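Please treat every number below as a calculation from the coordinates, not as lab data. These figures come from a predicted structure and were not determined experimentally.
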Amino acid sequence: MADSIRTFSNAAAPQQDRLQQLTGHLRHSPLPDAELLHNLGLYLTRQTLSRLLFLDELYRQIVPVHGVIMEFGVRWGQNMALFHALRGIYEPYNYNRRLIGFDTFEGFPHVAEQDGGRAQVGDYNVTEGYQQQLEQLLALHEAESPIAHKRKFELVKGDATVTVKEYLAQHPETVVAFAYFDFDLYAPTKACLEAILPRMPKGAILAFDEVNCPEFPGETQALDEVLGLRNHALRRSPLNPLISYIVL
Ligand SMILES: C[S@@+](CC[C@H](N)C(=O)[O-])C[C@H]1O[C@@H](n2cnc3c(N)ncnc32)[C@H](O)[C@@H]1O
């Protein structure tokens, strides 16, 4: 099942081969269980490490901003786990900084003409029952954190063009400090941006994984239609060629 999941990669063939070798080393690691998690740096590529460092750079900017973190497009959930760890580092007692992730956990539910013809329904699927596995994993991390008795994360399953409005109607208190957009697609990016913008105070951050990305043109169009590309500084970091962000 995992082998049939369709995703896109920009890696050239020799690089893909080296990544496959690294994966083999991780899957067949001789390290004892008691030491494996402490040595994950052995398998980190520069690209993965710089992405983690960039998320750290973004997280530090929202520490003084009140509100929750939303991720739009969770997939395997690495960002949710990282945001959890970053909260534990920078604001361990801020139990109000809830993490809410939106995904179908079944890949793209629909694709629009604005998405350029490459993406297909079902791309970026996950394996059967993965949402429950991710919930267990995040709960384990939470059990290791301060104020562990308070649930501080939520995974919202379904088409986010629908679920984001339902979520906000059920949680009218919601203020959004940080929204990370990684749907790759036009329609859900536009719908979720429109839904959450009225809940975002000055200083809050909107981050985008695929703005100015030729493979996924719809995200740029959604941003332009909702906020106007000329109305905000679109910032980046030397740590990553793709992620951009706006400080409102
Ligand atoms: C590129 S993946 C996200 C990757 C993830 N943020 C990461 O860093 O590994 C895109 C995700 O968006 C989700 N997605 C796309 N359109 C959606 C929609 N309308 N509603 C909910 N999820 C959607 C897909 O299911 C997929 O998991």
| note | Rounded to whole angstrom, the alpha-carbon centroid of segment 133-161 lies from that of segment 178-223 at a distance of 23
| remark: With x for Gly and Pro, the residue-by-residue ³J(HN,Hα) of segment 168-180, computed from phi through the Karplus equation 6.51 cos²θ - 1.76 cosθ + 1.60 at θ = phi - 60° and given in whole Hz, is 5, 5, 7, 10, x, 7, 5, 10, 10, 8, 8, 10, 10
| Long-range HN-HN contacts of residue 156 with modeled amide H, under 5 Å | 101, 102, 103
| field | Alpha carbon centroid spacing (whole Å) that separates segment 1-66 from segment 78-97 | value | 19
| query | Which whole-number percent is the relative contact order of segment 32-145 (Cα, under 8 Å, 6+ apart)? | reply | 24
| What residue among 69, 147, 205 has the largest mean-square fluctuation in a Gaussian network model of the chain, using Cα springs under 10 Å? | 147
| Whole-Hz couplings from phi, Karplus 6.51/-1.76/1.60, listed for segment 207-215; x for Gly and Pro | 10, 10, 7, 10, 6, 6, 10, x, 6
